[in-house]
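The next block holds one structure in the form of structure tokens; read it before the comments.
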Amino acid sequence: MTAQQVTSPVPDFTVALQAVLEFIGVDPVLIGAVLLAFALESWYSNGKRVARTATVVGGAVARGGGWLTGQRPVRIAVAIATSVTVLVAQVLMVRLSYVGGSIVATPFDPVRWQALDDAYGASPLLFVDPVFLAQFLATDAFSVSYVLVTIVALLRAYRKNAATPGLWLLITTPFWLLLFGSVSIAALSLALDLLFAGLSLVAGGAYDWRFTNGYILDAPHLTIDLVAGIYCGVALVAVGGAAIVRRLWSAAMAEQTTRPPRDRAL
């Protein structure tokens, strides 16, 4: 059994307008332009209504989420979950600082430096393999200094008004420099490729994207991106997360001390 289509006895406005314009002899191109203008206006109006509805719904959800996180049990749960996450990131950062310090010291050890040079052009995934990285680990002045500086910086990150950006730059040197240089080269390479690809398209030829393949997607540059990206990313969570944890627990303790004694007893 097929559903019966319900039609309105009132004709659609654009259909009626098209019929009138055709009846009075308006050029078909002008008729199409008029109908397109009405269609665009309709889409624009509907889009504005959808945007207003999304804003209202989003505001209601945000107010509900704010009320939920304002409840003490939820706030405590969020603080605990955040603290555990940040603590895991900080432990991982201390471990990474030992690896990073050992890699920075490889130029002073011919054996490790040769091994690093041989592996540099291979798969970037080798440098996230703990078994592979074990050959570069050494307890020397560099690695010990990196670990100690990282621990001190992470502890200072919990202090009020801690210089978080400075601490992050301190413990990620020189990896943030490598990441910044790699991103800059990648942006320049992509810009050049887009320029030459556009010229090739105008000339009717093909382009091989040589800069992207040679300076972005090749193994050495991907290795730098992966190693420096992981190092700097974990450091950002470890240092920035400490400030978040301090604010969360400070707010929770302030609420506890400002509540009436009767409420605290309950």
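In the stretch 130-141, the residues that are of a type in the set (Gly, Ala, Ser) form Cβ pairs under 8 Å with partners that are at pLDDT 85 or above and in a helix (DSSP H, G or I), at six or more places apart or across chains, as follows: Ala138/Ser102; Ala138/Arg112. Residues that are without any contact (Cβ under 8 Å) to a residue 24 or more places away in the chain and exposed (fewer than 15 other Cβ atoms within 10 Å of the Cβ) within the stretch 160-170 comprise Asn161, Ala163, Pro165, Gly166, listed in sequence order.
Kindly indicate whether Ser102 is open to solvent by less than 30 Å² (accessible area, probe 1.4 Å), under 13 Å from Ala238 (Cβ atoms), assigned to a helix (DSSP H, G or I) and in contact (Cβ under 8 Å) with a residue 12 or more places away in the chain. In short, no. When the stretch 198-217 is filtered for residues that are in a helix (DSSP H, G or I) and within 18 Å of Val183 (Cβ to Cβ), the ones remaining, listed by number, are Phe211, Thr212, Asn213, Gly214, Tyr215. Of the residues making up the stretch 135-147, those that are among the hydroxyl-bearing types (Ser, Thr, Tyr) and either assigned to a helix (DSSP H, G or I) or surrounded by 14 or more Cβ atoms within 10 Å (Cβ to Cβ) (or both) are Ser143, Ser145, Tyr146. Do we have Ala122 as of a type in the set (A, V, I, L, M), loosely packed, with under 15 Cβ neighbours inside 10 Å and not in a helix (DSSP H, G or I) here? The answer is yes for Ala122.
Here's the yes/no breakdown for (1) open to solvent by 50 Å² or more (accessible area, probe 1.4 Å); (2) closer than 30 Å to Gln114 by Cα; (3) of a type in the set (Val, Ile, Thr):
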| site | (1), (2), (3) |
| --- | --- |
| Leu133 | no, yes, no |
| Thr172 | no, yes, yes |
| Leu178 | yes, yes, no |
| Ser189 | no, yes, no |
| Ala197 | no, no, no |
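Inclusion of Arg112 among residues that are more than 25 Å from the chain's Cα centre (by Cα) and either open to solvent by less than 50 Å² (accessible area, probe 1.4 Å) or modelled with pLDDT under 85 (or both) is warranted. Being over 22 Å from the mean Cα position of the chain (by Cα), more than 21 Å from Asp225 (Cα to Cα), buried (at least 16 other Cβ atoms within 10 Å of the Cβ) and polar (S, T, N, Q) is a property that holds for Thr150.
The values are calculated or read from the model by the stated rules, or taken from the named source; none is laboratory data. Remember, predicted model here, so these are calculated numbers, not experimental data. Cβ sites come from the backbone with ideal geometry, for glycine too, and all protein chains shown count toward neighbours. These accessible areas exclude ligands, DNA and RNA; they are computed on the full protein's heavy atoms, side chains included. Shrake-Rupley method; radii C 1.70, N 1.55, O 1.52, S 1.80 Å.
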